[in-house]
Every structure is written in C-alpha cells, then in structure tokens.
1. Quick one: which helices (runs of 4 or more DSSP H) sit completely within the range 275-368 and have at least 1 residues that are surrounded by 15 or more Cβ atoms within 10 Å (Cβ to Cβ), hydrophobic (A, V, I, L, M, F, W, C) and not assigned by TED's automatic domain parsing to the domain that holds Phe423?
2. Scan Gly252, Gly191, Gly235 and give me the residue that is over 27 Å from Arg385 (Cβ atoms) and small (Gly, Ala, Ser).
3. Quick check: is even one residue across the range 392-414 in contact with a helix residue (DSSP H, G or I) (Cβ under 9 Å, 6 or more places away or on another chain), among the hydroxyl-bearing types (Ser, Thr, Tyr) and under 12 Å from Thr237 (Cα atoms)?
4. With respect to the numbered conditions (1) touching a Ser or Thr at 6+ places or on another chain (Cβ under 6 Å); (2) charged (D, E, K, R); (3) under 21 Å from Ala418 (Cβ atoms), which one is the sole condition not fulfilled by Glu221?
5. Kindly indicate which of Ala43, Ala11, Ala32 is hydrophobic (A, V, I, L, M, F, W, C), closer than 25 Å to Ile411 by Cα and modelled with pLDDT under 80.
6. Filter the range 163-186 for residues that are within 14 Å of the ligand (Cβ to nearest atom) and not small (Gly, Ala, Ser) and give the result.
7. Write out, first by first residue and then by second, each pair whose Cβ atoms fall under 6 Å of each other, whose residues are 6+ apart or on separate chains, and whose first residue, in the range 446-463, is over 11 Å from Thr152 (Cα atoms) and in the same structural domain as Ser118 (by TED's automatic domain parsing) while the second is in a helix (DSSP H, G or I) and not hydroxyl-bearing (Ser, Thr, Tyr).
8. For the range 108-139, what are the residues that are among the charged types (D, E, K, R) and within 16 Å of the ligand (Cβ to nearest atom)?
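The values are calculated or read from the model by the stated rules, or taken from the named source; none is laboratory data. Keep in mind that what you see is a predicted model, and the values were worked out from it rather than measured. In this analysis, Cβ positions are derived from the backbone assuming ideal geometry, glycine residues included, and neighbour counts consider all displayed protein chains.
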Amino acid sequence: MKKFAVALGLALCVLVAVLVGRTWRLTGSSTAPAAAVKADLNASLLAGRLAKALQIQTIAHEPPEPNELIPFQALHELMRSSFPRTFSALKTEVIAGGSLLMTWQGSDPSLPPVLLLSHQDVVPVSPGTEGDWLHPAFSGVIDQGFIWGRGTLDDKSGVFGLLEAVEHLLLQGVKPRRSVILAFGHDEEVGGSGAKAMATLLADRGTRAEYILDEGGMVGEGIISGIARPAALVGVTEKGVVSIELTAQDPGGHSSMPPRTTNIGRLARAITRLEANQEPLRIGSTLAESLQALAPAMGFGRRLAVANLWLFSPVISKMLATSDSTRAGMHTTLAPTIFQAGIKNNVLPGIAKAVVNLRLIPGDSIAKAMQRVEAAIDDPEVKIRTLAHGREPAPESDPKAGSFIALSDTIQQVFPDAIVAPFSTVAATDAAHYAAISPNVYRFLPVRWGAEDQKRFHGTNERISVEGYADAVRFYIQLISNTAG
Ligand SMILES: [Zn+2]
C-alpha cells in the first residue's frame, strides 16, 4: 500500500511537471519587431476620399440586374481622380466588366509578386431597415469621429486603403523590388466571378505569388472571453459552403382526409433528424494553433489547459461550444434557411421544399457532407440535391511560413498592443479562388472592432473610425514596405 502511494505521488509529480513545463513554453516571446516606418498621414483627407466611394451604390445582386456595372464605372472614375499617381504608374486592366487588376512592376522580376485583394461591391440595405441608420447607408457622412455607410468595413476600406498606401509610397518616390498586384473584385458578395476570372488570368500568365492578403479576420477587442488584449486574427483557411434543397412530393389533396405522413411532416422530420445528427465538435489543427498563439494573453489556468490539449481538449471544447461563433469553428454547421409549403388552410400541399446551408470545416468535403445528410435523413421519399455555388473548404496555409511571420510583424508594428493568431474564417471570401496562385493565403482586414460591431457587417450603421481607417492605410504602407522592399 505504501509502495503504491509513493508510486502514485511520483506519477502526480511527473504529471504536474509536464503540465507546467508545457505551459511555460507558451508564455510568448518578447522579441519586438522593428519600429514602424513613419507615415505622415492626414486622417481627415483619407476619410473624405473614402466617404465619396461610399456614396456610389456598387451593390452586387443575385442574379445581376441590368445596368449593374454602371456604378462600378463611376467608382473607377472616382479612383482615377483620387489616385492619379497610382493610375499612371500601375498597369490597370478591367476584368469581367467590373473587376480591377492593377500591377505595380517591381525592379527584380525574379521575385514572386505579392497579391493584395479587396472587393468593390457591397450588400444591399435590408428593406425596412433604412430608417434605422443614424446616417443614410449611402450618404458617406463623417460624424462623431466615424465614417458611416455601407462598405466602410466590408470592404471599400480595403480597396481605398490599398490605393491610399500605393499613392503615398509613389509620392515618396518608392520603387518596389517585388511586384505588387492589386485585385479588386466586383461581385464577392454573390460568389466572386470577378475574382475567379482574375485568378484564372494570373494562373494562365504563370503568376505565383509570394503571399495573398484578403479581408477576413480583424483586430478584435473584447471578443474572446478570457483574453484582455486585442486579438489580431489572421485567416489561414476558410470554411467551405454548400446549400442543399430537400423536396417532399405527393399528390396532396383535401385536409379532411390526410395521409399518415404529409409532405410538411416528412420534411419537418428530415430537418429534425439533420439537426439531431450534427457533426461532433473537435479541436482541429488550425483551432489548436489559434489557441496556442493566444495562450500568452490568457490567465494561468486557461494557458495550462491550452498547453495540454492532449488532456484538456474536452474541457476547452465545452467552453468554446457555449458561444455560437466559436462553436462554428469546431465542426461543419448546418442551418435550415428556407422552408416552403402550402397556400391554403384546408389544402394539403403537393410539394414541400426546404434549403439547408452547410459550412464545411477544413478536412470535410461536399461529397462527405452529402453522404452524412442522406444517412441522417434516411428517407427515400425526401429528394436531396445540391444547389449551385458550392465551395470546398480552402487549403490551410502554414502559420510558420516566412510570409505569415512578415505579416504578423507588420501587425505588431501598427497595432503594438495586439496579439496575433492564425484562425479559420467562418465566412467565405474572394481569397478562396486564388488557392492555385500561392500556398500562402491570408485573410485579415487591418481594422479594430469590438463585440458590438459584429452586427454592423451586412447590417445597420456600418462604420469605421477616422483614426482606425488611417491605421489601416498605415498598415498597408508598412506591409508593402516590409514585404515588397
Ligand atoms: Zn467582404
């Protein structure tokens, strides 16, 4: 008995030593990146130029409306007049009617170019919410230190921010060693045919980019519980997406003599079965890297758990599952988004249809998800088909690659209080179309945001602070200086 107690005591000591030792290794390095290049920027001039872009209603519709491209031509005119040096120094090509591909030739053609993406289109204002805006969605008003309007965050600040940076560098007489390619899509919000066309053109020309940067993560303040420091999340992959349509069909008839199972009942049962058979939650490799990168900003208890996922991953996944946004990062989600049947209270509808939107976690695939859906519904009377515009999950870029480290250093130079971490973006971006151009695809918009800003994306009162926008421009200047020379 005594021997056993000693052995147990020893084993416990070893366990504690292992746990604490691993935690120690996650305390973070103290090496600070080089000081930022001083960029003298006039924040109110920058804001004024962005505000004008917000007034042009470059809305992407699905399917495209007649004359859809006219606002984009107006936006291009505004770009030309706002950034004359850029448009005279860079080769500009209009692709697929509204997308812009701009090449700033570097002095050393042996170096792979950097490819910087943003999109010019915006989503419409949801009908009935126009009056909820503090300033009309397309007025581009600057008030209370903010620039207000649809597109401030998603994603005209990226388009104009990049153009401001290039214009600034040209004014300074900078000539990059590495070519810088800007690619501004015009229909990201409805599938990104412009991005697809630009990616195909670049691939046909044999372009291999050092890295690609698109929108995605941001500098989040107070968005992750237990992390007091701002977290700069850089998307190194993104979830795939597919919508499936479920149909139940029979002759229908009078509601006074219903069959045992109606079309509505059958379809409702199919949806219930799907919701009851969700993918199990797990901490995948990107999420583990994300947690480990954030660990230095956590308290000792959490850090110990994150450093020892081999032991504590059930506890951590339970914690992450309490919020919808973090739970979405742990499995393929499914969401019923459309349910249609019936026209009259005493008529059995002959057909009932539903659409379920799936977001596929990296490692999953549309084919595997379809197999699971069929198995879960387990009813040959429910017809299942995939709708157009499905997308497989993007490949995962290596967060230890040199270009990720350069990006991370740039973030620290401009946002010195932030901690940088890779993560998987839940929403789809244009970047997914460029996977063949580079293995290093990152998704990050250099703007700070807080938890209450979440609802502004595609929502009401979208805005960016005047100072925050100047920081975004500063970031792009710094990034081009750091990585294109
Ligand atoms: Zn966007």
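1. Correct list: 285-294, 300-307, 309-320.
2. None of the other options fit; the residue is Gly235.
3. yes
4. Of the numbered conditions (1) touching a Ser or Thr at 6+ places or on another chain (Cβ under 6 Å); (2) charged (D, E, K, R); (3) under 21 Å from Ala418 (Cβ atoms), the odd one out for Glu221 is (1).
5. Ala32
6. Matches in the range 163-186: Phe184, His186.
7. Close Cβ pairs (under 6 Å, with a partner that is in a helix (DSSP H, G or I) and not hydroxyl-bearing (Ser, Thr, Tyr)) amount to Pro446/Ala472; Pro446/Phe475; Arg448/Gly468; Thr460/Asp132.
8. Asp121
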